[in-house]
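Undergrad: Next up is a structure, given as structure tokens.
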Amino acid sequence: ALEIPRHIALSLSLLRGGLPGARWIDVDNYHITLRFIGDVDGRTADEIVDRLDRIDREEFQLTLTGIGSFGSKKPHSIWAGVSPSPELQALQGEIDRICMRVGLAPDPRKFTPHVTLARLKNSRLDDVVQYLSGRGNFHTMSFTVPRFVLMSSKESVGGGPYLTEEVFPLQES
């Protein structure tokens with residue numbers, strides 16, 4: 001995952017509220033998932049860490065822009081989008097290939113970089129549409145991505161708490 005800098009996370013936190021049925025993600029748990037790995041045994045985890053540690057890429061800039069929801073007829077989450085970034089796509093692609101080489105199944109979902117802001121339970125579509133319509137022009141300042149991390153989450157109903165297990169620095173450009 002990519003971590004969200006504190007000042008950007010605080011901008012995201014201003015989007016919280018005003019949507020019935022939303023369970024807002026804690027600011028400390030905001031991140032951009034690059035690849036969901038799931039439960040793996042210790043040997044597989046060690047192999048993934050070893051290969052991720054060999055990734056040799058430069059740090060890059062990202063900007064968060066726009067908000068939306070997943071689940072068109074029955075929305076299940078609210079997210080902030082990420083402006084297109086060739087560097088982000090390349091890093092994610094390399095991580096995905098590493099995961100498949102160590103035996104993980106391909107991720108069935110197309111990579112859509114985002115920061116989950118809320119999980120929805122029984123939110124009405126009209127409420128979600130109204131919430132989104134008032135916040136569509138959201139964007140942040142650009143920020144530097146100096147590293148990516150391997151996170152784990154404890155058994156819970158989505159949204160953390162997340163624990164950083166390993167840190168993989170990118171080269172200063």
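Undergrad: Tally time: how many residues in region 71-97 are surrounded by fewer than 16 Cβ atoms within 10 Å (Cβ to Cβ) and closer than 29 Å to LEU14 by Cα?
TA: Result for region 71-97: 9.
Undergrad: Now for a separate question. When both residues are 6+ apart or on different chains and their Cβ atoms are under 7 Å apart, which pairs have a first residue that lies in region 65-89 and is on the phi > 0 side of the Ramachandran plot, and a second that is open to solvent by 10 Å² or more (accessible area, probe 1.4 Å)?
TA: From region 65-89, the pairs are GLY66/GLY136; GLY66/PHE138.
Undergrad: Is it the case, given these coordinates, that ARG54 is exposed (fewer than 12 other Cβ atoms within 10 Å of the Cβ), closer than 22 Å to THR144 by Cα and within 19 Å of the chain's Cα centre (by Cα)?
TA: Answer is no for this residue.
Undergrad: Answer yes or no as to whether MET100 is under 17 Å from THR33 (Cβ atoms) and exposed (fewer than 15 other Cβ atoms within 10 Å of the Cβ).
TA: Here the answer is yes, as MET100 does meet what is asked.
Undergrad: Here's something else I'd like to know. Would you check if there is a residue in region 75-89 being hydrophobic (A, V, I, L, M, F, W, C), under 27 Å from ILE48 (Cβ atoms) and at pLDDT below 95?
TA: no
Undergrad: Identify all residues within region 105-121 that are touching a Lys or Arg at 6+ places or on another chain (Cβ under 8 Å) and open to solvent by 30 Å² or more (accessible area, probe 1.4 Å); write none if there are none.
TA: ASP107, ARG119, LYS121 - these are the residues of region 105-121 that are touching a Lys or Arg at 6+ places or on another chain (Cβ under 8 Å) and open to solvent by 30 Å² or more (accessible area, probe 1.4 Å).
Undergrad: For residues in region 7-30 being touching a Phe, Trp or Tyr at 6+ places or on another chain (Cβ under 7 Å) and not aliphatic (A, V, I, L, M), which is surrounded by the most Cβ atoms within 10 Å (Cβ to Cβ)?
TA: By that ranking, first place goes to ASN29.
The values are calculated or read from the model by the stated rules, or taken from the named source; none is laboratory data. Note that the structure is a prediction, hence the values are computed from the model and not measured. Positions of Cβ are generated from backbone atoms using ideal geometry, with glycine treated the same way; all protein chains shown enter the neighbour counts. Keep in mind that these areas ignore ligands, DNA and RNA; they rest on the heavy atoms of the full protein, side chains included. Shrake-Rupley method; radii C 1.70, N 1.55, O 1.52, S 1.80 Å.
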